[in-house]
Amino acid sequence: MQMAVAEARKGSGFVQTNPMVGAVIVHNEKVIAKSYHAKYGGPHAEVRALQAARKKHSAKTLRESTIYITLEPCTRQGKTPPCAPTVMASGVKRVVIGATDPNPHEKGRSSIGQMRRAGITVTTGVARDECEYLIRAFSKWINTKHPFVIGKVGMSIDGKITHPSQQQYITNPKSLHRVHELRQETDAILVGVNTIIKDDPMLNTRLKRPESRLSHPTKIILDSRLRTPRNSQALDDNTIIVCLEGVSHKQRHALAKTGADIIELPLQKQQGKLLFETMNMKALLKELGKRGKTSILVEGGSFVFTSFINQKLIDEFYIFVAPYLYGATYLPFTYALKHSVTIEDPQPEKLGDNILVRGYAKYN
Ligand code: AOF
Ligand code: ZN
């Protein structure tokens with residue numbers, strides 16, 4: 001199943017709004033075929049793996065084989081025919097499944113029962129945590145139509161996200177590589193306008209692989225009063241600028257010329273008073289979900305992290321910690337929080353001299 005998870009990950013960046021899925025076929029303890037869902041709308045993982053096995057092996061071999069699939073086979077005609085009948089027709093004797101299908105359209109029509117009634121031995125829940133983790137964005141989006149939100153921060157041990165030498169990254173190249181793997185996987189990357197003004201980042205995916213195998217997330221800039229400089233590197237037709245109602249038409253027109261899409265959110269009021277500069281992030285997530293964004297990576301800065309946390313909207317944290325103390329002069333990860341956050345079951349990972357701590361957020 002670990003191998004099936006690794007197969008699934010090969011579809012990273014190309015399958016949304018569908019899930020990443022991998023499948024491995026084993027005969028006499030030998031892998032005879034493996035495959036994955038490679039492209040949105042394309043054939044599903046288990047069907048591709050079965051096709052690959054059939055090319056090289058006899059029907060008899062298949063009848064003696066086990067197929068490992070990270071996700072339960074589907075039962076509905078979607079963009080492709082249902083997979084459960086194909087799995088049953090293949091004659092495999094055993095099916096091992098990681099995660100059950102969170103798709104509400106599949107609820108109550110589980111293929112597990114169907115396959116068992118057809119005489120196949122079905123085992124479920126193998127490496128369930130990894131298999132569910134693989135499809136966490138899909139699970140949230142398919143059920144709520146809001147994207148899954150990952151908060152990614154690189155900081156010193158004392159929680160600072162800026163430091164004395166502005167030119168250099170706080171975290172090391174290994175951490176940076178993980179960040180680019182995250183960008184490859186997510187549909188959008190979100191930053192505040194201050195980050196654009198100060199750093200002029202490109203916000204693209206940089207991994208050592210051909211351009212055709214790279215996926216660049218849509219760049220989202222939170223910019224309530226449209227202060228984004230027109231020559232910013234991040235501006236192109238894969239950019240969304242989010243502003244508040246009432247911005248200047250002239251400025252809006254000028255920024256739209258770069259190809260960027262501009263979303264205007266309504267002004268918020270509390271007890272009849274206007275709340276300047278506060279954006280309703282939930283309204284934004286709804287808008288992004290409608291546009292088919294299943295996941296977004298929030299990359300800061302402090303004001304953006306604070307707003308998202310105060311509105312309880314970050315689902316998972318990726319916190320990269322570098323071995324420095326910078327002191328009070330520099331910007332903190334967050335400003336005042338309305339409530340504390342617990343990282344549930346934190347998963348530590350050593351990346352050279354950096355430590356990555358990741359886990360789901362629980363708001364207290
Ligand atoms: C995938 N890839 O390998 C598997 C999926 O519209 P369709 O036909 O592509 O079907 C999408 C649904 O199929 C999806 O919501 C999920 O429930 C199920 N399984 N989907 O994209 C796969 N096995
Ligand atoms: Zn399917």
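Working only within the stretch 229-252, note down all residues that are in contact with a Leu (Cβ under 6 Å, 6 or more places away or on another chain), in a loop (DSSP other than H, G, I, E, B) and surrounded by 14 or more Cβ atoms within 10 Å (Cβ to Cβ).
Residues satisfying the conditions are A234, V247.
Considering every residue within the stretch 24-45, establish whether at least one is surrounded by fewer than 21 Cβ atoms within 10 Å (Cβ to Cβ), of a type in the set (G, A, S) and in a helix (DSSP H, G or I). Working first, answer last.
Of the stretch 24-45, the ones surrounded by fewer than 21 Cβ atoms within 10 Å (Cβ to Cβ) are 26-32, 38-43.
Those left that are additionally of a type in the set (G, A, S): 38, 41-42.
Those left that are additionally in a helix (DSSP H, G or I): none.
So far as the stretch 24-45 goes, no, none of its residues is surrounded by fewer than 21 Cβ atoms within 10 Å (Cβ to Cβ), of a type in the set (G, A, S) and in a helix (DSSP H, G or I).
Could you list, in sequence order, the residues of the stretch 20-51 that are within 10 Å of ligand 2 (Cβ to nearest atom) and in contact with a Leu (Cβ under 6 Å, 6 or more places away or on another chain)?
Across the stretch 20-51, the qualifying residue is only V21.
Could you check, for the stretch 106-122, whether at least one of its residues is touching a residue at least 24 places away in the same chain (Cβ under 8 Å), among the polar types (S, T, N, Q) and within 21 Å of Y36 (Cβ to Cβ)? Write out each step before concluding.
Keep residues of the stretch 106-122 that are touching a residue at least 24 places away in the same chain (Cβ under 8 Å), which gives 106, 109-112, 114-115, 118, 120-122.
Then drop every residue that is not among the polar types (S, T, N, Q), which leaves 110-111, 114, 121.
Narrowing further to those that are within 21 Å of Y36 (Cβ to Cβ): 111.
Taking every residue of the stretch 106-122 in turn, at least one turns out to be touching a residue at least 24 places away in the same chain (Cβ under 8 Å), among the polar types (S, T, N, Q) and within 21 Å of Y36 (Cβ to Cβ).
Please give the number of the condition Q77 fails out of (1) over 21 Å from G119 (Cα atoms); (2) within 13 Å of ligand 2 (Cβ to nearest atom); (3) crowded, with 16+ Cβ neighbours inside 10 Å.
Condition (3) is where Q77 drops out.
Would a scan of the stretch 58-65 turn up a residue that is more than 13 Å from ligand 2 (Cβ to nearest atom), under 17 Å from A6 (Cα atoms), assigned to a loop (DSSP other than H, G, I, E, B) and without any contact (Cβ under 8 Å) to a residue 40 or more places away in the chain?
Step one: list which residues in the stretch 58-65 are more than 13 Å from ligand 2 (Cβ to nearest atom), which gives 58-65.
Pick out the ones that are also under 17 Å from A6 (Cα atoms) and you get none.
There is no residue in the stretch 58-65 that is more than 13 Å from ligand 2 (Cβ to nearest atom), under 17 Å from A6 (Cα atoms), assigned to a loop (DSSP other than H, G, I, E, B) and without any contact (Cβ under 8 Å) to a residue 40 or more places away in the chain.
Buried (at least 24 other Cβ atoms within 10 Å of the Cβ) and either over 24 Å from the mean Cα position of the chain (by Cα) or in a helix (DSSP H, G or I) (or both): does that describe A49? Full working, then the answer.
Numbers: buried (at least 24 other Cβ atoms within 10 Å of the Cβ): yes; either over 24 Å from the mean Cα position of the chain (by Cα) or in a helix (DSSP H, G or I) (or both): yes.
Yes, satisfied.
Looking at this structure, is K312 of a type outside the set (S, T, Y), part of a loop (DSSP other than H, G, I, E, B) and within 29 Å of V15 (Cβ to Cβ)? Can you show your working first?
Details: of a type outside the set (S, T, Y): yes; part of a loop (DSSP other than H, G, I, E, B): yes; within 29 Å of V15 (Cβ to Cβ): yes.
Answer is yes for this residue.
Restricting to the stretch 47-78, count the residues that are more than 13 Å from ligand 1 (Cβ to nearest atom), of a type outside the set (A, V, I, L, M, F, W, C) and in contact with a helix residue (DSSP H, G or I) (Cβ under 6 Å, 6 or more places away or on another chain). Can you show your working first?
Looking only at the stretch 47-78, we keep the residues that are more than 13 Å from ligand 1 (Cβ to nearest atom), and these are 52-66.
This time we only want the ones that are of a type outside the set (A, V, I, L, M, F, W, C), so: 54-58, 60-61, 63-66.
With in contact with a helix residue (DSSP H, G or I) (Cβ under 6 Å, 6 or more places away or on another chain) added as a condition, the list becomes none.
Adding up the residues that qualify gives 0.
Here is a list of conditions, (1) over 19 Å from G11 (Cβ atoms); (2) surrounded by 19 or more Cβ atoms within 10 Å (Cβ to Cβ), and P147 meets all of them except one; can you say which number that is?
(1) is the only condition that P147 fails.
Return the residue satisfying two criteria in turn: it lies in the stretch 301-332 and is surrounded by fewer than 18 Cβ atoms within 10 Å (Cβ to Cβ) and among the polar types (S, T, N, Q), and of such residues it is farthest from Q268 (Cα to Cα).
It comes out as T329.
Considering each of L207, L182, L176, L190 in turn, give the residue that is touching a residue at least 12 places away in the same chain (Cβ under 8 Å) and either surrounded by fewer than 18 Cβ atoms within 10 Å (Cβ to Cβ) or part of a loop (DSSP other than H, G, I, E, B) (or both). Can you show your working first?
Numbers: L182 fails: either surrounded by fewer than 18 Cβ atoms within 10 Å (Cβ to Cβ) or part of a loop (DSSP other than H, G, I, E, B) (or both); L176 fails: touching a residue at least 12 places away in the same chain (Cβ under 8 Å); L190 fails: either surrounded by fewer than 18 Cβ atoms within 10 Å (Cβ to Cβ) or part of a loop (DSSP other than H, G, I, E, B) (or both).
Result: L207 is the single residue among L207, L182, L176, L190 that is touching a residue at least 12 places away in the same chain (Cβ under 8 Å) and either surrounded by fewer than 18 Cβ atoms within 10 Å (Cβ to Cβ) or part of a loop (DSSP other than H, G, I, E, B) (or both).
Taking the stretch 80-99 as the search range and keeping residues that are assigned to a loop (DSSP other than H, G, I, E, B) and within 13 Å of ligand 2 (Cβ to nearest atom), which one is farthest from S65 (Cα to Cα)?
Applying the first criterion (assigned to a loop (DSSP other than H, G, I, E, B)) to the stretch 80-99 yields 80-83, 91-93.
Those left that are additionally within 13 Å of ligand 2 (Cβ to nearest atom): 80-83.
Working: T80: 24, P81: 23, P82: 21, C83: 17 Å.
If we take residues in the stretch 80-99 being assigned to a loop (DSSP other than H, G, I, E, B) and within 13 Å of ligand 2 (Cβ to nearest atom), then T80 is farthest from S65 (Cα to Cα).
Let me spell it out: the conditions are (1) within 16 Å of ligand 2 (Cβ to nearest atom); (2) in contact (Cβ under 8 Å) with a residue 60 or more places away in the chain; (3) in a helix (DSSP H, G or I), and E130 meets all of them except one. Which number is the exception?
Going through (1) within 16 Å of ligand 2 (Cβ to nearest atom); (2) in contact (Cβ under 8 Å) with a residue 60 or more places away in the chain; (3) in a helix (DSSP H, G or I) one by one, E130 breaks only (1).
Any read-out appearing in this document is the output of simple, stated calculations on the displayed coordinates, not a laboratory observation. Just so it is clear, the model here is predicted, and its values are computed rather than measured. All Cβ positions, glycine included, derive from the backbone under ideal geometry; neighbour counts span all protein chains shown.
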